[in-house]
Amino acid sequence: MEVGHKYKVTIEDFDINGYGVCHIDNKVCFVIGALKDEVVVCEITNIHKSYAFANTVEIIEKSPYRVEPECKYYDKCGGCDMMHMSYEMECMVKERRLTQTFRHFKDVIYHPLIQAKNKKGYRNKVLMPFSKDLDDYVVYGFYEKKSHKIVPLNECIISDDTTNDILYFITRYLEIFHIKIYDEATHKGLFREVMIRHTALNEYMIVLVLTHDYDFSVLVKYLLEEFDCIKSIYININPERTNVILGNTYKLIYGSKTITEKILEMKFQVSPQSFLQVNHNQCEKLYMEALNLADLRNDMVAIDAYCGMGSITLNIARRVKKVYGIEVVESAIINAKENMKLNNITNAEFICGACEDVIQTLANKEKIDVIFFDPPRKGCEKSFLDTVIKMNIPRIVYVSCNVATCQRDCLYLEEHGYILEEATPVDMFSRTLHVEAVTLLVRKDAK
Ligand SMILES: C[S@@+](CC[C@H](N)C(=O)[O-])C[C@H]1O[C@@H](n2cnc3c(N)ncnc32)[C@H](O)[C@@H]1O
């Protein structure tokens, strides 16, 4: 086997990334873009000791699961990964991603993937970099797969129509008014990116990311004439030569500081920095699954670790005696406290700090019946898990956007007295590879 060689192969199976799996010269070969049962010609791109990778260059016999990608940029853009397969197949890949990653756990009840109704137009937050194309026109788009080159788009179908229209409108404005677009290579220019957020209540927030302050009052006027759903416009200043998109300075140039979101029975004020699940409908289903697994009662005391602006915490509060929310970002805690008042909740307490530190102060304070974790992709700190273990908390509900780190943390908890009982995958990010999961761990001696 050599890099660049082509082989005609029959695809035997699929893996947890949705790649086709076959054997060539006694090596397992993962064929990107091929589906189970297809006959394809593939070209080897990468060889390791016992496995290799290949790209599909020709499909000779098609799988019934193959579909025409709905997005015309799919081949180039690095945003989506599953548009060449039917949604049924995508769900099978995502379920396998969870069960394969969790294969070391015994007797887990796996629930079916909670499927999404809307596979398009679901994203409520978009960050689009702007650039100039070879003909010097202003363009925006996502980055090419495994590169930092922008694929110019006219629309992104996992964003909603209004977001696409606003982006197009801004592009035309920048073009007509000769606004200098930021150039990464020279670190010159003004206009870097646009962030658009919206809520299920149809309120839109726009953040213009610039290298320095600038008077965009004319753009604001035009935008408001065209889109009456825009409730808030900010400028974000990012003067640094960096891949980090947003700078630290925000300046409100129109409307209200926040937009309002409704999740289950609660309302939330969303600021530009707030963490919000990107898919509102699936977020509600995810939270309901987490609340159901927790089996809450009104005499319980709960902790919501990694609580963000309190969107799970306040939904827990309605069902228990008391809940503590812990979050490291100060502005999120300020939002959480405001959201508590907005919803007339009096039995939640928000604490700002790292979970691994704050949990120590709660450890000796009172008996905790259930704890929720919803950490970032890197999962939980070991010291945090150690304290949770010492506290003998009977139930843990772990919400995760990264099944690999969730598996690592659950394994550690199993080694220290917990049993992983149930796991549910949730399709939060349709058409992409990512899968969200909710798991329930129960303390062995609490059974
Ligand atoms: C995946 S978000 C979950 C937020 C919230 N549960 C929700 O559903 O909207 C993870 C949150 O953890 C916070 N975070 C990250 N590391 C942390 C730490 N060590 N201690 C406390 N919070 C942390 C982040 O700021 C972020 O708000």
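For the stretch 145-151, backbone phi angles converted through the Karplus equation (6.51, -1.76, 1.60; θ = phi - 60°) give residue-by-residue couplings of 3, 6, 8, 10, 8, 7, 8 Hz, Gly and Pro being listed as x.
Quick one: go through the stretch 176-217 and flag any residue whose amide nitrogen is under 15 Å from the point 7 Å out along the Cα-to-Cβ line of residue 243. Only 184-185 pass the distance filter.
Couplings 3J(HN,Hα) of the stretch 366-372, computed from phi: 7, 6, 9, 8, 8, 10, 9 Hz, in residue order, whole Hz [Karplus 6.51 cos²θ - 1.76 cosθ + 1.60, θ = phi - 60°; x for Gly and Pro]. Between residue 182 and 190, 191, 192, the built amide H atoms are under 5 Å apart, and every one of these is 5 or more places off in sequence or on another chain.
What helices does the chain have that are whole DSSP H segments, at least 30 Å long along their own axis by Cα, and with mean Kyte-Doolittle hydropathy of 0.5 or more?
none
May I ask which of 120/267; 125/337; 321/367; 125/231; 76/378; 267/341 have a Cα-Cα span longer than 18 Å here?
Details: 120/267 25 Å; 125/337 23 Å; 321/367 12 Å; 125/231 15 Å; 76/378 28 Å; 267/341 10 Å.
Table pairs above 18 Å Cα-Cα are 120/267; 125/337; 76/378.
Close amide-amide hydrogen proximity is noted between residue 71 and no other residue 5 or more places distant or on a separate chain, at a cut-off under 5 Å (H modeled in the peptide plane; Pro and chain starts excluded).
Using the Cβ-Cβ distance between residue 421 and residue 70 with R0 set to 35 Å, the FRET efficiency from 1/(1 + (r/R0)^6) comes to roughly 0.40. Centre-to-centre separation between the Cα atoms of the stretch 113-173 and those of the stretch 336-350: 35 Å.
Here, each number is a calculation from the coordinates, and none is a lab measurement. This structure is a prediction, so every number in the text was calculated from the model and none was measured. Ideal geometry is used to build each Cβ from the backbone, glycine not excepted, and the neighbour counts take in all protein chains shown.
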